Amino acid sequence: MASVKKVIYVWLVRVVSWLAHFSKNDQVIYLMSFADNLDFIQQLNQRVPGRLTVYYLPSAATGAAQLAQAGIATRPFHDSVRFALTGIPVITRAADVYLDNYYGFTAGLTRQAPQRLIQLWHAAGAVKTFGWGDPQTAQRPADDRRRFQTVYDQITDYVVGSEKMGTIFAASYHVPQTRMRVLGYPRSDRYCKSDWVMQTATAIYQKYPAFKQQEVILYAPTYRAGVQFALPADFKQLKLRPDQHLIIKLHPHLAEQERDLQARYPDLVTLVPEFSTDELLTVANTLVSDYSSVVFDYALLPNCQKIVFYVFDWDHYEQEVGLQADFRDWAPGPLVRTVVDLNHVLAMPGAPLQLTQFNQLWNTRNDGHAIERTLAYFYPRVTTTA
């Protein structure tokens, strides 16, 4: 039934979009599901004054409020008949549409050159497979698979931080490599800005002064869609030194599960609800993750001392979700499956990691100038000579 509803909705979008496509304008649309690219949006607004509107999902409402305070036009949206009738004509007529995620409704858009659909995505690298690389995709109904490919084909430009990520996108989405724009991942700029890193860390230390004197271990596992996150039974055997502090940060949708974990392991787990995962990276001496793209962000920070991949459900995850085939080859830290092994790694002294090769592979253009390069590419300034 859900699949049928999606088909009907895409057909509605297709009809409305076709009726709207006969007239075009110079407007720029940003579809926002993550509120972590606000610097780029604000600089984009300066580059195209009076032309930008941000359509945001409920998950990005806080970020949208900040943009509205800065004078940027914002509109809430979700897949609905109302959005199809009022939002789709606006998107269809726009000159440029930026996306930070997979938006299924775009399969129904009538897109004609020179309109550009620009995918910024929300991860600097890939541990998990996606698109046609996802083992679940082949099991989906034929209508779903056709719709997926239509969405991928609609994108005219994929902004990536490295040739490596561009190659993965092209293979995962069955789109030409020529659509990849190795400009850098705009939201990564802040990790390379010492002012942002220092101000963020200072704000955290003011709220949690003990962190400054301790080794902060941030545990940030990937979001498992539709799955109740549960640590293995042996997690209670985790051993921390008195000078070590464990912060668990789950996906925002799992705030209740975070509280449950703290209640279950009160002597091990600290919650820091006031700050995001991105912000907590600035004070973490050690990052423990699994299949999350957070490792690519952390590798850009000067305080990066240790990365551990706690993959207690490796076999299940590899089979059901899928992992990049060469993950083991480039992983910038040990892969451990048990708490015994995790204890051993955490007990080892930390030191600044040598991540030159890793960053050359994945963060090639994530050098603090990605926003500048991206805007210059899509909106080159016209210079005149006397």
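Bear in mind these aren't lab numbers, they're just calculated from the coordinates by the rules spelled out. Predicted, not measured: the structure shown is a model, and the values here were computed from it. Here the Cβ is made from the backbone with ideal geometry for all residues, glycine too, and neighbour counts use every protein chain on show.
In this calculation the C-beta distance from residue 267 to residue 59 is compared with R0 = 35 Å, giving a FRET efficiency of 0.60. Backbone amide hydrogens, once placed in the peptide plane, bring residue 128 within less than 5 Å of 324, excluding anything fewer than 5 places away on its chain.
Computed over the chain, the per-residue total of -39500 (n - 2.57) for DSSP H runs of n ≥ 4 gives a 222 nm mean residue ellipticity of -11000 deg cm²/dmol, rounded to 500. Each residue of the stretch 59-69 was assigned a 3J(HN,Hα) from its phi angle through the Karplus curve 6.51 cos²θ - 1.76 cosθ + 1.60 (θ = phi - 60°); the sequence is 5, 10, 4, 5, x, 4, 5, 5, 5, 4, 5 Hz, with glycine and proline shown as x.
Put simply, the amide H of residue 111, placed in the peptide plane, has no neighbours under 5 Å, leaving out anything fewer than 5 places away on its chain. Taking amide hydrogens as placed 1.01 Å from N in the peptide plane, the amide H of residue 98 sits under 5 Å from those of 29, 30, 31, 118, each at least 5 positions away in sequence or on another chain.
Taking label points 7 Å from Cα along the Cα-to-Cβ direction, residue 207 and residue 260 give a separation of 2.4 nm.
Summary value for the chain: 17 percent relative contact order, contacts being C-alpha pairs under 8 angstrom separated by 6+ residues.
Enumerate by residue number the chymotrypsin sites (Phe, Trp or Tyr not before Pro) in the stretch 1-71 meeting two conditions: DSSP loop (anything except H, G, I, E, B), and at most 11 other Cβ atoms within 10 Å of the site's Cβ. Walk me through the intermediate numbers first.
On the way: sites: 9, 11, 18, 22, 30, 34, 40, 55, 56; in loops: 22, 34.
Sites meeting the loop and neighbour criteria: 22.
Label separation (residue 163 vs residue 75): 4.1 nm, computed from points 7 Å beyond Cα along the C-beta direction. With all pairs of different C-alpha atoms in the average, the Kirkwood value for the hydrodynamic radius of the chain is 22.4 Å.
Per-residue 3J(HN,Hα) values for the stretch 164-175, derived from phi via the Karplus relation 6.51 cos²θ - 1.76 cosθ + 1.60 with θ = phi - 60°, read 4, 5, x, 5, 5, 4, 4, 6, 6, 10, 6, 10 Hz in sequence order (x marks Gly and Pro).
FRET efficiency for residue 82 and residue 194, Cβ-Cβ distance as r, R0 = 45 Å, nearest 0.05? Each step should come with its number before you reach the end.
Working: r = 45 Å, r/R0 = 1.00.
Using R0 = 45 Å, I get an efficiency of 0.50.
How long are the three semi-axes of the equivalent ellipsoid for the stretch 192-285, computed from the Cα gyration tensor as the root of 5 times each eigenvalue, in whole Å, largest first? Before the final figure, lay out each step's value.
Numbers: eigenvalues 111, 58, 23 Å².
Over the Cα atoms of the stretch 192-285, the semi-axes work out to 24, 17, 11 Å.
Near residue 236, which lysines are there with a Cα under 25 Å away, not counting those fewer than 8 places off in the same chain? Those lysines meeting the cut-off are 249, 306.
Pairs of C-alpha atoms in the stretch 38-121 farther apart than 20 Å represent 32 percent of all such pairs. Spherically averaged projected area of the convex hull of Cα atoms, the stretch 194-362: 9.9 nm².
Estimated from the Cβ-Cβ distance and a Förster radius of 56 angstrom, the FRET efficiency linking residue 116 and residue 243 is about 0.60.
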